[in-house]
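Undergrad: Here it is: the structure, laid out below.
The values are calculated or read from the model by the stated rules, or taken from the named source; none is laboratory data. Note that this is a predicted model, so its numbers are computed, not measured. Positions of Cβ are backbone-derived with ideal geometry, glycine not excepted, and every protein chain shown enters the neighbour counts. For accessibility, only protein heavy atoms count, side chains too; no ligands or nucleic acids. Shrake-Rupley method; radii C 1.70, N 1.55, O 1.52, S 1.80 Å.
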Amino acid sequence: MHLKNSKIIVIKIGSSLLVNHNKKIRKKWLSSFAKDIQKLKFRNKKVIIVSSGAIALGCKKMNYNKTNLKLDKSQAIASVGQIELMNLFSQTFSKFKLNISQILLTLEDTEERRRSINAKRTFENLFKLDYIPIVNENDTIATSEIKYGDNDRLASRVAQITNADTLILLSDVDGLFTKNPKIYKNAKLIKKVKDLNKDIKNINIKGTTEFGSGGMNTKIEAAKICNLAGCNMVIANGLHLNPISLIEKKHNCTWFLSKVTKLHARKKWIISSVSPKGELIIDDGAKKALINRKSLLAAGIKKVSGKFNKGDHIKILDNKRKEFARGLSSFSSEEINKIMGHHSNEIQKILGYVSKSEVVHKDDMVEV
Ligand code: GLU
């Protein structure tokens, strides 16, 4: 039902779907997947694939063990494996007359507005040219501090940037269970999550992390991003052949249904940042002003934490430390430390230069 109405679909596949435990490539599976994609294309769907596997395929080619790899070595191995990965897609997809392209993204490419708009344009042009973008994190460049590390969140950010209708996370489990199904026989698959905060409140996500490549944690994080971006998300078992057709046949899976959002694209991008750099704690007066769609002024800020620059994503917390909004700061954390608690007309004197009067402008802010 949900796929039928989706125009843009992002599909994430994990390494374990491409390479099995014996390091054999799952060619038959990939062909069945390509067949599914061909069917989607026949129905005029725009498809983006986010595929892991650079490190797994690099290890296979170079005879390394994936566990205990140091970052610099895994970066080098990923540069070898990424070619293997794309060759694999190219060979398989060409049999189904599907054209593919490669997009390698780093965290900054999605977190910086200008770069994310550039990426969006490239996706749109590839759609026009009838090429299927295959995305991975640029593992050879990304270091641990500036890395997604998991393709679940990367895929959700790609879905948000491209205004996708559905994100499919193909994993090695059927979906989200009430308990870890590997331990508890009475664990039940949750088929629909309508309200992320309420419906999964009693589920111990941490206790369920051992199944699924990125873990259930990162999948829930991805669901949150999709939810805010107005994109539905589904977790389904990709180990089966023809995994996309199975989702449509209402096979076991978990759908996370998002509310219709009227947020402008820029605000969607602000709210679904995966890497806010700091936090501002504000007083009740400022909170009231924000609820009335006013900007955040220095006078209402009680505390700053984190180190950030002008233009960076930050979280805005209320008196009780509850996240209340997100926004782009017009000042660095250092500057806010000096001006917080002060009236806006004192800012110039304190800093010694002319600057904006709002710390977070209302146009740069979204309530969570
Ligand atoms: N980008 C990594 C790779 O291609 C995978 C990240 C993940 O497993 O989510 O190997």
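Undergrad: Please determine, by comparing only the residues of the range 51-67 that are out of contact with any strand residue (DSSP E or B) (no Cβ under 8 Å at 6 or more places or on another chain) and either open to solvent by less than 10 Å² (accessible area, probe 1.4 Å) or of a type in the set (A, V, I, L, M) (or both), which one is nearest to the ligand (Cβ to nearest atom).
TA: I55
Undergrad: Tell me the residue from I83, I37, I77, I48 that is outside any helix (DSSP H, G or I) and either open to solvent by less than 80 Å² (accessible area, probe 1.4 Å) or over 17 Å from I168 (Cα atoms) (or both), please.
TA: Details: I83 fails: outside any helix (DSSP H, G or I); I37 fails: outside any helix (DSSP H, G or I); I77 fails: outside any helix (DSSP H, G or I).
Result: I48 is the single residue among I83, I37, I77, I48 that is outside any helix (DSSP H, G or I) and either open to solvent by less than 80 Å² (accessible area, probe 1.4 Å) or over 17 Å from I168 (Cα atoms) (or both).
Undergrad: Could you pull out the residue among T166, T143, T110, T122 that is among the hydroxyl-bearing types (S, T, Y), open to solvent by less than 50 Å² (accessible area, probe 1.4 Å) and more than 16 Å from the ligand (Cβ to nearest atom)? Give the steps one after another, and end with the answer.
TA: Values: T143 fails: more than 16 Å from the ligand (Cβ to nearest atom); T110 fails: more than 16 Å from the ligand (Cβ to nearest atom); T122 fails: open to solvent by less than 50 Å² (accessible area, probe 1.4 Å).
Sole residue among the options that is among the hydroxyl-bearing types (S, T, Y), open to solvent by less than 50 Å² (accessible area, probe 1.4 Å) and more than 16 Å from the ligand (Cβ to nearest atom): T166.
Undergrad: Taking only pairs six or more apart or across chains, which ones have beta-carbon atoms under 6 Å, a first residue in the range 43-68 that is on the phi > 0 side of the Ramachandran plot, and a second residue that is within 12 Å of the ligand (Cβ to nearest atom)?
TA: Matching pairs, first to second residue: G53/S15; G53/L18; G53/L85.
Undergrad: Return the pair list, or none, for Cβ contacts closer than 6 Å from residues in the range 144-160 that are without any contact (Cβ under 8 Å) to a residue 40 or more places away in the chain and in a loop (DSSP other than H, G, I, E, B) to residues that are within 13 Å of the ligand (Cβ to nearest atom) and open to solvent by less than 10 Å² (accessible area, probe 1.4 Å), at least 6 apart or on different chains.
TA: none
Undergrad: Let me ask another. So which residues in the range 16-34 are open to solvent by 20 Å² or more (accessible area, probe 1.4 Å), within 27 Å of A223 (Cα to Cα) and part of a helix (DSSP H, G or I), if there are any at all?
TA: Scanning the range 16-34 gives a single hit, S16.
Undergrad: Anything in the range 256-288 that is modelled with pLDDT of 90 or more, open to solvent by less than 30 Å² (accessible area, probe 1.4 Å) and out of contact with any Ser or Thr (no Cβ under 7 Å at 6 or more places or on another chain)? List them, or say none.
TA: F256, L280, I281, I282, A286
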